[in-house]
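The values are calculated or read from the model by the stated rules, or taken from the named source; none is laboratory data. Since this is a predicted model, take the numbers as computed values, not measurements. Neighbour counts run over all protein chains shown; Cβ positions are idealised from the backbone, glycine included. For accessibility, only protein heavy atoms count, side chains too; no ligands or nucleic acids. Shrake-Rupley method; radii C 1.70, N 1.55, O 1.52, S 1.80 Å.
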Amino acid sequence: MAITKTISLLCLIFAVRGEVRRFPDTLSFGVATASYQIEGGWNASDKGENIWDRFSHQPNTIKDGSNGDVACDSYNQHKRDVEMLKELGVDFYRFSISWSRILPDGFSNKISQDGIAYYDSLINDLIAANITPFVTIYHWDLPQRLQDLGGWTNPLIADYYTDFAEVAFEAFGDRVKNWLTFNEPWVVCLQGYGQHAKAPGVGMNGIGEYICGHNLLKSHAKAYHLYDDVYRPIQMGRIGWTLSSNWLEPATQSAADAEAADRAMQFNLGWFSHAVFSREGDYPQVMRDRIANKSLAQGYPRSRLPEFTPEEIAYIKGTFDFFGVNHYSTNLIKMLETTSIAPDFFLDMGVLVFQNPTWPGSASSWLKVVPWGFRKLLNWIKESYNNPEILVFENGFSDRDNMDDVDRISYYHGYLNSLLDAIEDGCNVTAYTAWSLMDNFEWDEGYTERFGLYYVDFNDPRRPRKPKASALYYKSTLETRSIERD
Ligand code: PNW
């Protein structure tokens, strides 16, 4: 069989190459998914409509015209999911809670008992299998009714979000000890509110993303404080969030490009990390200055980037128990200053973002294989924020339709080596998460890009899952807690 052949070939290569690198005992391994991408059951029981239901049911929003109505059918098949997690031998499973499955109208006056029962059953099965649940409270599926009220641009969303988080702490916090408030606010705000690419597709470039980000930061802080004040003393868990970041490498040795890359890091990771993890708090100075200056030049009476009060800065600063990061790829950055009447996030940033065409690609246009960027990113976080505990919550590779996924294996092999390099550099990384347990609904790309360790047949109504070669690679890596040096 092809897969067995691939595995023995890899073993042979490793055996010839030699040196084994062990992962520290302090590093735990998991896999991740998200509710809308795997659950299906979009209108099961009393579940309410969310922005991805609405968005994907409109024509011409999703590349292959698909949606997450059924997805991987995990709403009915979570027992099989737990079987797969056991087969892989992971320490933890990161999944998210669908807000409108728990609170059909978005508000906490009405709690769905079926929704609670679904996650109860999943959590109980995980704990019985000795797999630690890591729960993302929000992974992009806002209740549509709350979007009708402005979604993340409505300042009251911080209250509604914290109400939802409280329902989750109350219902699951006796067993769930690891919480993430948000997955990738940068993508939520930039692609959902600045651009049209992702739900709700507001497309208010240079304005929508900043308002979204402002309210999202406040929502995160509010939920953190609620947990810290009320639930931590009784439930004794930890809470943070996970931010996406590519590594941004200067395209040339010039001082201008070094400055441009630095600025791009601040507009990407820094937009959401500076307020929470830095000593000073607030948005990065370079963002505040540039957006304010450009806004005034464009005739706006105030900056398009909203301002925090000193009280808000203090309230948001330090709201973390760890630094969560999702990492996939690397970009090259060149200085590019242009003026424009139209507000635009990328012109605010003022750099050119591109990739080296010789870097190996994937099924996703933005995802090139650049393992060394992972080490640089982890070191950047270590240097910028006083060596925090880092948990990597996503890392992975996309292809199209492939059981014998040698390119995914080589991606993981390269990135795990780079992770070990970073740990040897002194980065305090304690968790690594592969995205994803199985192929799933890849947002606006539909089912055209597959990230799974398990293959899912989306043409079969039973959505059968089969381990790819990479699942066996990950399993053996977790068994031996070691890899071969690259
Ligand atoms: C993440 N980029 O999104 C999400 O958390 C997952 O839900 C998603 O399936 C996965 O990565 C793969 O895309 C990203 O443009 C979206 O760099 C875009 C980027 C990175 C991550």
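Before moving on, here are some points about what is shown:
- Qualifying strands (runs of 3 or more DSSP E) (wholly inside region 291-361; at least 2 residues being over 21 Å from GLN195 (Cα atoms)): 323-326, 330-335
- Test for THR252: is it within 20 Å of LEU180 (Cα to Cα), assigned to a loop (DSSP other than H, G, I, E, B) and β-branched (Val, Ile, Thr): no
- Just one of the numbered conditions (1) under 26 Å from ALA199 (Cβ atoms); (2) under 20 Å from the mean Cα position of the chain (by Cα); (3) hydroxyl-bearing (Ser, Thr, Tyr) is not true of SER28: (1).
- Residue ID - farthest from the ligand (Cβ to nearest atom), chosen from residues in region 301-339 that are among the hydrophobic types (A, V, I, L, M, F, W, C) and open to solvent by 30 Å² or more (accessible area, probe 1.4 Å): ALA314
- Hey, TRP241 at pLDDT 95 or above, closer than 24 Å to PHE374 by Cβ, touching a His at 6+ places or on another chain (Cβ under 6 Å) and not in a loop (DSSP other than H, G, I, E, B) or not: yes
- Unique match (being away from the ligand (no atom under 14 Å from the Cβ), open to solvent by 10 Å² or more (accessible area, probe 1.4 Å) and modelled with pLDDT of 95 or more) among ALA256, ALA197: ALA256
- Of all residues making up region 58-79, the number that are of a type outside the set (A, V, I, L, M), open to solvent by less than 80 Å² (accessible area, probe 1.4 Å) and either over 14 Å from SER98 (Cβ atoms) or assigned to a loop (DSSP other than H, G, I, E, B) (or both): 10
- Residue check, GLY206 in contact with a strand residue (DSSP E or B) (Cβ under 9 Å, 6 or more places away or on another chain), farther than 20 Å from PHE95 by Cβ, modelled with pLDDT of 95 or more and in a loop (DSSP other than H, G, I, E, B): no
- Selection count where residues are part of a helix (DSSP H, G or I) and touching a residue at least 60 places away in the same chain (Cβ under 8 Å), scope region 173-187: 2
- Scoring ALA342 on the criteria (1) touching a residue at least 40 places away in the same chain (Cβ under 8 Å); (2) more than 16 Å from the ligand (Cβ to nearest atom); (3) surrounded by 13 or more Cβ atoms within 10 Å (Cβ to Cβ); (4) small (Gly, Ala, Ser) leaves a single failure, condition (3).
- A single entry from GLY426, GLY414 fulfils the requirement of being away from the ligand (no atom under 13 Å from the Cβ), touching a residue at least 24 places away in the same chain (Cβ under 8 Å) and at positive phi: GLY426.
- From the list THR61, THR6, THR33, the one residue that fits, being more than 23 Å from VAL392 (Cβ to Cβ), of a type in the set (Ser, Thr, Tyr) and modelled with pLDDT of 95 or more, is THR61.
- Residue match in region 380-389 (condition: within 16 Å of the ligand (Cβ to nearest atom), closer than 17 Å to ASN428 by Cβ and within 18 Å of the chain's Cα centre (by Cα)): no
- Condition met for ASP105 (over 19 Å from THR162 (Cα atoms), away from the ligand (no atom under 15 Å from the Cβ) and modelled with pLDDT of 95 or more): no
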